[in-house]
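Student: One structure, pasted below without further comment.
The values are calculated or read from the model by the stated rules, or taken from the named source; none is laboratory data. Here the structure is a predicted model, which means the values were calculated and not measured. Cβ: placed from backbone, ideal geometry, glycine included. Neighbour counts: every protein chain shown.
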Amino acid sequence: MNRWLRLWAAAATVLTLAACGPKGEKAAYTVKGDNVFRYALQSRPTSLDPATVEDGDTIDMLMQVFEGLVQWSESNEIVPNIAERWEISGDGRVYTFHLKSNVLFHKPFERKLTAQDFVYSITRALLPATKSATAMNYLNDIVGAADVADGKTSTLAGVKALSDTTLEITIDKRKPYFLGKLTYPTAYAVCREAIEKNGGRVDEKSMIGTGPFALAQYKPGYSVLLAANPAYHGGKPILDGIERPILPDSNTRQTRYESGGTDITDIQRADLSRIQADPVLGKQLREFPRANIWYLALNQLAFEPFKDKRVRQAFAHAIDKDAVIKLALKGTAARAEGIVPPGVLGHQAGFRGLAYDPERARKLLADAGYPGGKGFPKLTISFRQGYKYIEDAVIAVRSDLKRNLGIECDIQQIEWAQFLKQRTDGTLPCYHLRWAADYLDPQNFLSLMLHTGSPENTIGYANPEFDRLCDMADVEPDPEKRLKLYAQAERIAVDDAPWVPMYHLRDVELHKPHLKGLRDSLMGHLPHITTSVKP
């Protein structure tokens, strides 16, 4: 079947399936036309609620439907979105946003968004009833946020609607990175009427935003279908819709792409040589730099030996990162010396961390009471299910620990939603994971991830000097002084080794030749307002 017939058949199926909503109700949106961008969700959506989502794959889907005050541009700058402009007070604490007047919520409500919608949305994200694991990571600087999150009040003192089109946000101290936090989904506008009608929940029945696409159909475990929003304030997208089959298995995603079922896919590094040699697929390869750090977490709360700095340093010195990159990742990553990635403000290009040094690693482990690995408790390294290159990297790490330290490790892959839960609960002794930038500032990698008491720090790392330097840097108005403080903090964290920083991975994808207009940033692909798949 040729592409046109496949598209016609897919569109006919989509129109039929999307024609009915819950309980036989007619859907508010259907996909009309064959300009439908098809690319897989690599796991089930962990949440359809912007206030509670915490993984990049789901965020990529939600940011087509929901929006915030500001957004990222292709030049990695924060630019207007629902807010057309803003002012910041001289002391850096008061942000006054002037909103567009032509922003409408999706059907069936189709009313104008006002500043009061942001008051509701941001407050709701913080309320205990919402059960957000991320709200206090991104909204905690707002005056009164902690009181709302602790259940002391339901009124957020630091967010006020001065008029329908003027929103004022007051934060506790000057925070040079604060605008970046507002790009995260916890600050997206949600529709109060839809949520209240649905008993306070955001799911497929109340997934109403203001974005360029609206939900047409959700088949849990199978697919998500989005339809272009003709009333979008930025103009109707070029695409008619976006089809997201849920395909957790990497081989299935590759097969679907090669058989013409999707327009874009990630690739497994083990397939890279074959794809590069293929006269058709080789021309469809694309690489994208990403602001990320892949790390091995050494959880002091769940594994007693990791409380000893010498054990953690031994692990860091025992792992041959270059071999992992060459063998498991086929050269599609750069070795990580520190934590802050290239492209992020404050990246230390000349810094060298804990080098691969097996002899030093063995001595440290022996000094900690485990000569040759004797007496070391059984350890399991966990990782996300469905990605062969992650498994290959973990296998390489396990081999290094056995060869260089005499430590035997089990490995286990865990379904993504369950992995996130166990990580948040702090029950995984050791795991290999990526942290990708939410905003291009060292605070997002240092203070947010490793400061004592931070919700993201679920591995028990605590160093008062690291905390002191981060606290100073977080509020320092002088850019040069600020980056020097973060640099000092980063060096302390690398030496303490709560993480073994492993590598900065590039995204490697296959794109069909008819895919045009895709916008990209260091955080990933941007909302698909200019994308097209028409030949």
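Student: Only one residue in ALA125, ALA133 is of a type in the set (A, V, I, L, M, F, W, C), within 22 Å of the chain's Cα centre (by Cα) and modelled with pLDDT under 95. Which one?
Tutor: The unique qualifying residue is ALA133.
Student: Taking LYS512 and the conditions (1) under 18 Å from the mean Cα position of the chain (by Cα); (2) outside the structural domain of ILE339 (by TED's automatic domain parsing), which numbered condition does it fall short on, given that it satisfies the others?
Tutor: Here LYS512 clears every test but (1).
Student: Mind listing whichever residues of region 339-397 are of a type in the set (A, V, I, L, M, F, W, C) and part of a helix (DSSP H, G or I)?
Tutor: Across region 339-397, the qualifying residues are ALA361, LEU364, LEU365, ALA366, ILE390, ALA393, VAL394, ILE395, ALA396, VAL397.
Per-residue answers, yes or no, for (1) out of contact with any Pro (no Cβ under 8 Å at 6 or more places or on another chain); (2) of a type in the set (A, V, I, L, M, F, W, C):
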site	(1), (2)
GLU258	yes, no
THR262	no, no
ARG274	yes, no
PHE306	no, yes
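Student: Is there a residue in region 473-493 that is touching a Gly at 6+ places or on another chain (Cβ under 8 Å), part of a helix (DSSP H, G or I) and over 26 Å from GLU77 (Cβ atoms)?
Tutor: Within region 473-493, one or more residues are touching a Gly at 6+ places or on another chain (Cβ under 8 Å), part of a helix (DSSP H, G or I) and over 26 Å from GLU77 (Cβ atoms).
Student: If only one of GLY211, GLY234, GLY221 is within 15 Å of PHE66 (Cβ to Cβ), within 22 Å of the chain's Cα centre (by Cα) and small (Gly, Ala, Ser), which one is it?
Tutor: None of the other options fit; the residue is GLY211.
Student: In region 206-261, what residues are among the aromatic types (Phe, Trp, Tyr) and farther than 30 Å from GLY282 by Cα?
Tutor: PHE213, TYR218, TYR232
Student: Working only within region 331-368, note down all residues that are under 34 Å from the mean Cα position of the chain (by Cα), of a type in the set (Gly, Ala, Ser) and either surrounded by fewer than 20 Cβ atoms within 10 Å (Cβ to Cβ) or modelled with pLDDT under 95 (or both).
Tutor: Hits for region 331-368 are GLY331, ALA334, GLY343, ALA349, GLY350, ALA355.
Student: Moving on to the next point. If SER273 passes every condition in (1) surrounded by fewer than 21 Cβ atoms within 10 Å (Cβ to Cβ); (2) not assigned by TED's automatic domain parsing to the domain that holds PRO45 but one, which one does it miss?
Tutor: (2)
Student: Now, a different point. Would you confirm whether or not region 283-295 contains a residue that is at pLDDT 95 or above, part of a strand (DSSP E or B) and of a type in the set (Gly, Ala, Ser)?
Tutor: The answer is no, given that none of the residues of region 283-295 is at pLDDT 95 or above, part of a strand (DSSP E or B) and of a type in the set (Gly, Ala, Ser).
Student: Taking the criterion of being more than 30 Å from GLY33 (Cβ to Cβ) and free of Cβ contacts under 8 Å to residues at least 60 places away in the same chain, would at least one residue in region 253-271 satisfy it?
Tutor: yes
Student: Let me ask something else. What's the number of the only condition in (1) surrounded by 19 or more Cβ atoms within 10 Å (Cβ to Cβ); (2) of a type in the set (A, V, I, L, M); (3) touching a residue at least 24 places away in the same chain (Cβ under 8 Å) that VAL143 fails to meet?
Tutor: It is condition (1) that VAL143 fails.
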